[in-house]
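The values are calculated or read from the model by the stated rules, or taken from the named source; none is laboratory data. As the structure is a prediction and not an experimental result, all values here were calculated from the model. So basically every Cβ, Gly included, is an ideal-geometry build from the backbone, and we count neighbours across all protein chains shown.
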């Protein structure tokens, strides 16, 4: 870490969270590539969701993963290019398309399951090493920020002074 980054405090939490997220994604991609997985690490949750919920729309996928429609669309475009996912006409709504894993996508999901299990073990070791359950703390921080957004916290701080 650079000297400059060491001078940054909690006000730059988003920067450090993004760096950690990018690092995990990059290293996860390396693991996936080593084991012959073509899906990017950032799209694995989408593939798992499609395996369990065949025939959903992009909007339904976005809602389930709590990401923007644009983010879900970007992930799906990548998975379609890799021939892991396909779109089919929605019988209930002619304007919408439904998402389905291809046979190749189903194969990758099956290959991913033991890797995901091992990744859980890897992160469990990391949690023990740093003595902090990052997943729990990230979920907790997200929940309290939704309940009391930064702007509200900022305004409360201004009123106290």
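In this entry, residue 5 is excluded by the filter for residues that are modelled with pLDDT of 95 or more, out of contact with any strand residue (DSSP E or B) (no Cβ under 7 Å at 6 or more places or on another chain), under 29 Å from residue 154 (Cα atoms) and surrounded by 11 or more Cβ atoms within 10 Å (Cβ to Cβ). Residue 63 fulfils the conditions (1) surrounded by fewer than 16 Cβ atoms within 10 Å (Cβ to Cβ); (2) touching a helix residue (DSSP H, G or I) at 6+ places or on another chain (Cβ under 8 Å); (3) closer than 27 Å to residue 117 by Cβ except for a single criterion, (2). Between 112, 99, 32, 50, the distinction of being surrounded by 12 or more Cβ atoms within 10 Å (Cβ to Cβ), in a helix (DSSP H, G or I), touching a strand residue (DSSP E or B) at 6+ places or on another chain (Cβ under 7 Å) and touching a residue at least 24 places away in the same chain (Cβ under 8 Å) belongs to 50 only. Residues that are more than 14 Å from the chain's Cα centre (by Cα), loosely packed, with under 12 Cβ neighbours inside 10 Å and not in a helix (DSSP H, G or I) occur in the range 36-46; there is at least one.
Would it be correct to say that residue 91 is farther than 27 Å from residue 23 by Cα and exposed (fewer than 15 other Cβ atoms within 10 Å of the Cβ)? It would help to see each step written out before you state the result.
Numbers: farther than 27 Å from residue 23 by Cα: yes; exposed (fewer than 15 other Cβ atoms within 10 Å of the Cβ): yes.
Spelling it out, residue 91 is indeed farther than 27 Å from residue 23 by Cα and exposed (fewer than 15 other Cβ atoms within 10 Å of the Cβ).
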